[in-house]
Amino acid sequence: MTLSPAAAAIIGMSLGALASFSGAWFTQRATDRRERESRVWSRRMDVYEEAMVVVRRLGGLRGELGRTGDWPDGTGAALTDADVLAARLEIYASVPVLKAHLATFRAMRAWIAAWEEWDNQEGGYARMAESDELWREFIRHVKESEKSDHEFLSILRKEVHGKRSPQLGP
C-alpha cells in the first residue's frame, strides 16, 4: 500500500500541529512554573525582610527593658508583629529558617517570662542588681535570646544571599 500525496500531506500536517501544540504546552508549563516560583520567592523575601525588622525591633525592646527594667510605651504592637510574622513564616519560609525562628521565638518567650517573674516578685522589691537572683535569670535569658536572634538573622542572610553572605560593615 502506498501513501497518496494528500494522505502524506495530512499526516505531515497533523504531526507538525501536534509538535507545535506540544512545544507550546511545555513552554507554557515551564513559564507558569517559573512565574509561580518567582512570586513565591518575592513573597518569601518580603517575609524575610519583615522578620529582620521584627527581630531588631524586639531586640531594641529587650535592650530597653534590660537598661530600665520597665516596658517602653507601645510595645504591644511589636509583640503582635511577632505573632503575625510567625504565621507568614510558616507559609513561606524554608525549614532551616523555621527552625531558627522557633528557637528565637522560644528565647523571646523565656526572657519575657523571666522579666514578668522578676517584676512580680514577692514583696514588690524588684531590683536591677546582680544580687537579685530573678534579675540575673532575666539577664541570662536576654543573652540567650540575643544569641538566638543572631543565629536566626545569619540563617536569613544566607538564604537571601546564598551560601556566601556579603560582609556587613568593616
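The values are calculated or read from the model by the stated rules, or taken from the named source; none is laboratory data. Computed from a predicted model, the values in this text were never measured in an experiment. Here Cβ is always computed from backbone atoms with ideal geometry, including for glycine, and neighbour counts include all displayed protein chains. The protein model used for the area step is the full one, side chains on, heavy atoms only, and it has no ligands, DNA or RNA in it. Shrake-Rupley method; radii C 1.70, N 1.55, O 1.52, S 1.80 Å.
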- Take the solvent-accessible surface of the protein heavy atoms, probe 1.4 Å, and return the percent of it on the chain that carbon and sulfur atoms account for. 56
- Query: Which is farthest toward the positive dipole end of the chain among His161, Ala6, Val53, measuring Cα position about the Cα centre, with Cβ charges +1 (Lys, Arg) and -1 (Asp, Glu)?
  - Reply: Ala6
- Message: With θ taken as phi - 60° and the coefficients 6.51, -1.76 and 1.60, list the Karplus ³J(HN,Hα) couplings across segment 57-70 in order, rounded to whole Hz; mark glycine and proline as x.
- Response: 5, 5, x, x, 4, 4, x, 4, 5, x, 7, 10, x, 10
- Could you tell me which label, among (i) 28.2, 107; (ii) 16.9, 54; (iii) 20.5, 66, carries the value of Rg and Dmax of the Cα atoms in Å calculated for this structure? (i)
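Taking the Cα centre as origin and putting +1 on Lys and Arg beta-carbons and -1 on Asp and Glu beta-carbons, what dipole magnitude results for the chain, to the nearest 20 debye? Write down the numbers at each step before the final one.
Values: 24 positive and 25 negative charges, 256 e Å.
Magnitude of the dipole: close to 1220 debye.
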- Message: Per residue, how much accessible surface does segment 51-147 expose to a 1.4 Å probe? Answer in Å², no decimals.
- Response: 58
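With contacts defined as alpha carbon pairs under 8 Å and 6 or more residues apart, what's the relative contact order of the chain in percent?
Relative contact order comes out at 20 percent.
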- Item | Förster radius 41 Å - calculated FRET efficiency between Glu35 and Ser154 (Cβ-Cβ, nearest 0.05) | 0.85
